[in-house]
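Here is the structure we will look at, set down as structure tokens.
Laboratory data are not the source of any read-out in this text; all were calculated from the coordinates shown. Model, not experiment: these values are computed from the prediction. Don't worry about glycine lacking a Cβ; one is built from the backbone with ideal geometry, like all the others, and counts go over all protein chains shown.
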Amino acid sequence: MARKVQVIKCICCSQEIKPLDRISNKKDIEQNMWCDGEVSTIMPGYGSRYDMTLFYIGICDDCIEEKLKEKVLVIKKEYYENF
Ligand SMILES: [Zn+2]
């Protein structure tokens with residue numbers, strides 16, 4: 001059963017990541033636009049002890065920048081490239 005989540009915090013620094021505005025405060029929070037960060041879902045697969053569990057995960061823009069420099073976070077594709 002899906003749980004209602006009120007606040008998403010950055011997985012690195014615990015700073016709160018808030019919806020961009022009231023319009024984007026949708027029931028399904030992963031469809032929101034976020035201010036200075038991103039919230040998405042991850043679902044580990046077979047082989048993980050969390051197989052079949054769907055998580056919300058948030059990361060703020062400051063931590064995205066830092067983790068890119070540290071090469072902990074890797075860009076898969078830029079938006080302007082063809083999806
Ligand atoms: Zn952060």
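Below is a table of values for the structure above.
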{"quantity": "Environment charge at M43 (Cβ cut-off 14 Å; Lys +1, Arg +1, Asp -1, Glu -1)", "calculated": "-1"}
{"quantity": "For C35, residues with placed amide H under 5 Å, excluding near neighbours", "calculated": "K18, L20"}
{"quantity": "In order through the range 59-69: 3J(HN,Hα) via Karplus (6.51 cos²θ - 1.76 cosθ + 1.60), integer Hz, x for Gly, Pro", "calculated": "8, 7, 4, 4, 6, 4, 4, 5, 6, 5, 4"}
{"quantity": "The range 8-69, relative contact order in percent, only Cα pairs under 8 angstrom and at least six apart counted", "calculated": "33 percent"}
{"quantity": "Potential lengthening between S14 and E78 on full extension [0.36 nm per residue; Cα-Cα distance subtracted]", "calculated": "20.5 nm"}
{"quantity": "Computed over the range 8-69, Cα set: Rg, Dmax in Å", "calculated": "12.9, 39"}
